[in-house]
Amino acid sequence: MDQASSLRQMVKSQNSERKVARVITVTSGKGGAGKTSVSVNLAITLSRMGKKVVILDGDFGLANVEVMLGIRPGSNLADLMFKGKKLSDIINEGPENIGFISGGSGIQELTNLSVEQITTLAKSLCELDNMADVIIIDTGAGISAGIMEFIQASAEVLVVVTPEPTSITDAYALLKTLNRRRGSSKGNVKIKLLANRVKNMEEGEELYTKLNMVVSRFLNFEMEYAGAIPADNNVIKAVMLQKPLVMAFPECSSSKAFRKVADKLCDNQGQIQGGGIARIFTDIIKKNLIKRKNELEKLSKEKQV
């Protein structure tokens with residue numbers, strides 16, 4: 001059994017004995033759609049509903065979640081992989097009992113892990129699955145390879161879209177890329193649209209209906225509607241305060257809308273069987289190991305010619 005297969009078997013065995021977290025991957029087709037605000041405020045709202053929530057900042061190289069939470073993390077995921085840190089060392093305490101893990105310098109590092117490092121990472125992530133009810137991955141915006149790795153491996157994806165034409169076209173480009181990359185595994189991913197910064201709830205529903213119609217016709221799959229967050233001047237004020245909106249202005253229209261979105265997500269919880277955060281990283285590492293193996297085999301054949 002090769003390294004990739006051994007990794008998958010180990011995680012499968014550990015997950016069969018433990019509960020796994022629900023993982024929601026939050027993304028957008030372009031920057032500025034408000035996905036980090038959605039990730040943070042949704043995490044706090046779910047925590048208030050009694051869920052144990054951890055945010056993983058997958059927007060490598062940036063610190064948007066840190067800024068919004070007002071946290072300066074001492075350790076990150078790379079320290080777990082390369083510096084022997086324990087899981088408890090890299091989970092930072094956030095407001096309202098949420099946990100926060102900084103992603104480190106990039107998912108590309110996963111291609112350079114030793115067998116021992118992969119084993120340590122897999123065991124730690126299985127432990128994280130057991131600790132959390134919900135893990136929210138805040139990805140970078142766009143369709144870069146690292147971002148698409150996360151989205152493709154996820155069982156539940158929340159796509160944040162605003163009414164601006166560029167946001168809509170970029171969201172479609174992301175969905176088109178995902179549709180092409182995931183191939184025959186289309187039925188394994190639940191894709192949900194969250195309309196952000198809309199004038200009213202009707203505009204949010206209209207945005208979903210139009211984009212879903214195009215996706216259904218040309219990409220041959222259906223999105224689900226997660227709800228809408230109205231435009232609110234308090235959002236900017238909260239950012240300036242470095243305080244999540246639902247904490248700074250709990251009674252504003254957007255904060256109340258986040259509660260409705262969280263309620264809807266919880267109602268649909270039983271539909272998702274994603275296998276947790278350990279499975280996501282296992283799939284990413286496995287794919288990268290196979291890719292690296294194929295590249296080495298190709299290089300070896302070229303040298304023999």
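The values are calculated or read from the model by the stated rules, or taken from the named source; none is laboratory data. Nothing here was measured: the structure is a model prediction, and the numbers come from that model. Positions of Cβ are generated from backbone atoms using ideal geometry, with glycine treated the same way; all protein chains shown enter the neighbour counts.
Within region 222-230, one or more residues are within 22 Å of the chain's Cα centre (by Cα), assigned to a loop (DSSP other than H, G, I, E, B) and over 27 Å from residue 65 (Cα atoms). Counted as qualifying within region 28-117 are the helices (runs of 4 or more DSSP H) with 3 or more residues that are closer than 30 Å to residue 173 by Cβ, under 15 Å from the mean Cα position of the chain (by Cα) and modelled with pLDDT of 80 or more, namely 35-48. The residues listed here are 300, 255; of these, the one that is closer than 20 Å to residue 69 by Cβ and of a type in the set (Ser, Thr, Tyr) is 255.
Is there a residue in region 278-290 that is at pLDDT 90 or above, crowded, with 19+ Cβ neighbours inside 10 Å and over 18 Å from the mean Cα position of the chain (by Cα)? Checked against the condition, which is being at pLDDT 90 or above, crowded, with 19+ Cβ neighbours inside 10 Å and over 18 Å from the mean Cα position of the chain (by Cα), region 278-290 yields no hits at all. For region 180-189, filtered to residues that are within 23 Å of residue 22 (Cβ to Cβ) and of a type outside the set (Lys, Arg), the residue that is modelled with the highest pLDDT is 189. Checking residue 209 against (1) in a helix (DSSP H, G or I); (2) over 27 Å from residue 259 (Cα atoms); (3) over 19 Å from the mean Cα position of the chain (by Cα), only one condition comes out false. Which one? Against the list (1) in a helix (DSSP H, G or I); (2) over 27 Å from residue 259 (Cα atoms); (3) over 19 Å from the mean Cα position of the chain (by Cα), residue 209 comes up short only on (2). The condition (being at pLDDT 95 or above, at negative phi and touching a strand residue (DSSP E or B) at 6+ places or on another chain (Cβ under 6 Å)) is satisfied by just one residue among 192, 199: 192. Being free of Cβ contacts under 8 Å to residues at least 24 places away in the same chain and of a type in the set (Lys, Arg) is a property that residue 264 lacks.
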